[in-house]
1. Select from region 38-62 the residues that are of a type in the set (D, E) and either within 14 Å of the ligand (Cβ to nearest atom) or in a strand (DSSP E or B) (or both) and write down the one among them that is surrounded by the most Cβ atoms within 10 Å (Cβ to Cβ).
2. I need the full set of residues from region 63-102 which are away from the ligand (no atom under 13 Å from the Cβ), over 16 Å from the mean Cα position of the chain (by Cα) and assigned to a helix (DSSP H, G or I), in order please.
3. If you go through region 2-11 one residue at a time, do you hit one that is farther than 20 Å from G119 by Cα, under 18 Å from the mean Cα position of the chain (by Cα), assigned to a helix (DSSP H, G or I) and not hydroxyl-bearing (S, T, Y)?
4. In the set L136, L112, which member is closer than 16 Å to V38 by Cα and either more than 13 Å from the ligand (Cβ to nearest atom) or part of a strand (DSSP E or B) (or both)?
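Here, each number is a calculation from the coordinates, and none is a lab measurement. All of these numbers come straight from a predicted model, not from anything done at the bench. Virtual Cβ from ideal backbone geometry, glycine too; neighbours counted across all protein chains shown.
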Amino acid sequence: MTVRQVLAEKGGDVVTIGPDKTLAEAAAMLAKRKIGAVVVTREGADVAGILSERDIIRALADKGQQSLTDHVSAHMTSEVVTCPPEADMDHLMRAMTRGKFRHVPVVEAGRLVGIVSIGDVVKRRLAEVEAEHEALREYIATA
Ligand code: AMP
């Protein structure tokens with residue numbers, strides 16, 4: 001299954017934030033939208049970074065609550081691993097496991113067109129396992 005197929009199901013909405021917003025604003029956004037990461041964009045366009053709940057936790061552990069007034073750009077990851085819509089979901093799952101991150105922005109022709117999270121990966125794997133299980137059950141029942 002490709003990332004494009006997953007996005008066709010879940011949609012291409014991506015929550016973004018500007019690099020000059022504060023960590024407090026980012027935390028409020030994560031809480032309100034019930035998500036684990038925001039993509040950092042400049043002028044709503046290209047991907048400048050990604051900020052996840054782990055980055056906020058690390059900032060709080062290192063600097064305490066005064067870090068909440070820091071700019072997002074001070075704590076985001078700038079070297080973002082992205083993928084094209086043609087990427088294979090199995091490949092993405094391996095990249096997430098290897099890189100120890102749970103979010104991959106999807107970029108097409110330089111434009112942000114979606115995001116795949118570990119939750120999307122697990123949901124798809126569960127559906128696959130259930131389909132295999134059902135096929136085996138039918139095979140046994142009719143063999
Ligand atoms: P996560 O597991 O997605 O909450 O993120 C764990 C760490 O990896 C955080 O420091 C994130 O900023 C970083 N991170 C998340 N997604 C990516 C990505 N696609 N490419 C590079 N780093 C990422």
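1. First, the residues of region 38-62 that are of a type in the set (D, E): 43, 46, 53, 55, 62.
Checking the rest, the ones that are also either within 14 Å of the ligand (Cβ to nearest atom) or in a strand (DSSP E or B) (or both) come to 53, 55, 62.
Values: E53: 16, D55: 20, D62: 9.
Only one residue tops the list, namely D55.
2. Selection gives K63, G64, Q65, Q66, S67, L68, T69.
3. Within region 2-11, none of the residues are farther than 20 Å from G119 by Cα, under 18 Å from the mean Cα position of the chain (by Cα), assigned to a helix (DSSP H, G or I) and not hydroxyl-bearing (S, T, Y).
4. On the way: L136 fails: closer than 16 Å to V38 by Cα.
Of the residues listed, the single one that is closer than 16 Å to V38 by Cα and either more than 13 Å from the ligand (Cβ to nearest atom) or part of a strand (DSSP E or B) (or both) is L112.
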